[in-house]
1. What does the helix-only formula give at 222 nm for the chain: each DSSP H stretch with n ≥ 4 adding -39500 (n - 2.57), the total divided by the residues, and the result rounded to the nearest 500 deg cm²/dmol?
2. Could you work out the relative contact order of the chain? I mean the mean sequence separation of Cα pairs under 8 Å and 6+ apart, divided by the number of residues, in percent.
3. Could you line up 166, 126 from fewest to most neighbouring Cβ atoms inside 10 Å?
4. Based on alpha-carbon centroids, what's the gap between region 59-115 and region 1-52 in Å, whole number please?
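Just so you know, all these numbers are worked out from the coordinates, no wet-lab data involved. All values reported here derive from a predicted model rather than from experimental measurement. Note that we place each Cβ from the backbone using ideal geometry, even for glycine, and neighbour counts take in every protein chain shown.
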């Protein structure tokens, strides 16, 4: 299994865009918080969140290859099968891979909500993560034209793992605020 330091090294080697690195760090924070809440393996879930978009720059967003290339790379690194499945399934719509496990749903929800939270922060007067409240995130989910690239249905997959949308938003905000210095938000 890859430890966090190895994962960070891989991330820095394969992802150059600072905003994508921050997205991966935010996803890691949320996945760790979800793992604690659900009694799952925090290290495994966190590292998987950190590396879920490892191939995004090299595949240039090609949805037919995104997650496939990452899974191949991480197989060579000895990544566990359930983590590889979660990475493939987070891009399930494009790859036709259903999300079945709590791990799969958690990764898809966690990586999707990061974009919505960051977009919500950007419309705050001070543009800071600390100003974002769960109510404002929930409001953004309902706005048809806001954050059009955020798949709201995937965010709601948190309910498939027994976490209400309200709790998931609060948990995600808390996780991202705890790591705000790393995210520079």
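1. Working: 11 runs with 117 residues, N = 185.
My calculation for the chain gives -19000 deg cm²/dmol from helical runs alone.
2. On the way: 248 pairs, mean separation 40.5, N = 185.
It comes to 22 percent, rounded to a whole number.
3. Working: 166 13, 126 8.
So the ranking, lowest neighbour count to highest, is 126, 166.
4. Centre-to-centre distance over Cα atoms comes out at 13 Å.
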